[in-house]
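Working notes, structure below.
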Amino acid sequence: MPLTLVPTPVGNLEDITLRALRVLREADLIACEDTRTSGALFRRYGIARPLLSLHLHNERERTERLLTALAEGKHVAVVSDAGTPGISDPGWLLLRDALTAGYKADVLPGPSALIPAVLLSGLPPHPFLFYGFPPEKLGQRKKLFASLEAQPYTMVFYVSPHKARRQIAETREAWGDRRAALVREISKIYQEALRGTLSEISERLAQSVKGEMTLVVEGREGAGPRHKDWKEVAEELLTGGFSARDAAREAAERCGVSKNIVKEFLLRRHAENSLGETLGK
């Protein structure tokens, strides 16, 4: 496989798969967000391959160089400092351009702070909306938070330690004092999940808090999906020639409901109609 995105541990170095280790050992070149950070992992597992830095400030230039390596038939592996490359970390631009150029690519399953944080929050895990890091500029953050105020789904953000208290205050101002959880240092010795309302979490958060953080906030209570006409829309699409799967997807997008809810409704209606036809014979 010419290009492989390889997840690496978010804290505990034991959280790496055997397949990830094999791919890294077989790669002709490994692109790392920080070669010093990745070096500790590679030394632990005896991985000695050529390294190339790939980070926020050189991503465009490095992408061109790595595409050249792919064109030469080399196997390029990509890692970030922790977790899955391309999710709020470098790697996505390279993956996109490699796929566009027709190169084979793969993404290995593995560590990510996102899913453990969602589950440890105790808030509904599906559906949820993952945004990554909020914008750096205050005006852009306020605009983002305002646009999400009526969002009914659980929302997830990555948060920098020195910005945590401020951004929790901003979300509370935009959305009210909702239930939330701040999960930090996932898989490390000081792993912690602060649960409560946004104001309670802010009060419990030490001024000099450290570690990688994920903020999980409940959606607006009572906002819910717009149910008033989604059943009618789904049935019209189905009778209009859409498959059940496509009708469910289209109705979900138009009416703001879960695709699975629509699909279950259509399957149930199909079963009821089939039973009615059988009884009417």
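The values are calculated or read from the model by the stated rules, or taken from the named source; none is laboratory data. From a predicted model like this one, the values you see are computed outputs, not experimental measurements. Cβ placement follows ideal geometry from the backbone for every residue including glycine, while neighbour counts extend to all protein chains displayed.
Brief remarks follow.
- Scanning the stretch 118-156 for residues that are assigned to a loop (DSSP other than H, G, I, E, B) and within 15 Å of the chain's Cα centre (by Cα), we see that the one that is surrounded by the most Cβ atoms within 10 Å (Cβ to Cβ) is Pro134.
- Test: residue in the stretch 243-257 that is touching a Cys at 6+ places or on another chain (Cβ under 9 Å) and either at pLDDT below 85 or of a type in the set (Val, Ile, Thr) (or both): no
- Residue match in the stretch 173-180 (condition: assigned by TED's automatic domain parsing to the domain that holds Gly132, under 20 Å from the mean Cα position of the chain (by Cα) and outside any strand (DSSP E or B)): no
- Residues satisfying the stated conditions in the stretch 189-200, i.e. in a helix (DSSP H, G or I) and more than 16 Å from Met155 (Cα to Cα): Ser199, Glu200
- Residues that are among the polar types (S, T, N, Q) and either closer than 30 Å to Arg65 by Cα or assigned by TED's automatic domain parsing to the domain that holds Gly73 (or both), drawn from the stretch 91-129: Thr100, Ser112
One line per residue, one yes/no per condition, for (1) in contact with a Ser or Thr (Cβ under 8 Å, 6 or more places away or on another chain); (2) on the phi > 0 side of the Ramachandran plot; (3) of a type in the set (Asp, Glu):
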position: Phe130; (1), (2), (3): no, no, no
position: Pro135; (1), (2), (3): no, no, no
position: Gln140; (1), (2), (3): no, no, no
position: Pro152; (1), (2), (3): no, no, no
position: Ser160; (1), (2), (3): no, no, no
position: Arg195; (1), (2), (3): yes, no, no
position: Glu200; (1), (2), (3): no, no, yes
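- Taken together, Ala164, Ala105, Ala169, Ala193 contain a single residue that is out of contact with any His (no Cβ under 8 Å at 6 or more places or on another chain) and closer than 27 Å to Lys259 by Cβ, which is Ala105.
- Failed item, numbered, when Ile186 is tested on (1) assigned to a loop (DSSP other than H, G, I, E, B); (2) of a type in the set (A, V, I, L, M); (3) without any contact (Cβ under 8 Å) to a residue 40 or more places away in the chain: (3)
Every residue, every condition in (1) of a type in the set (Gly, Ala, Ser); (2) in contact (Cβ under 8 Å) with a residue 12 or more places away in the chain, yes or no:
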site: His162; (1), (2): no, no
site: Ala181; (1), (2): yes, yes
site: Ser199; (1), (2): yes, yes
site: Leu205; (1), (2): no, yes
site: Val209; (1), (2): no, yes
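- Matching option when the condition is under 30 Å from Asn12 (Cα atoms) and at pLDDT below 95, among Arg178, Arg165, Arg172, Arg141: Arg165
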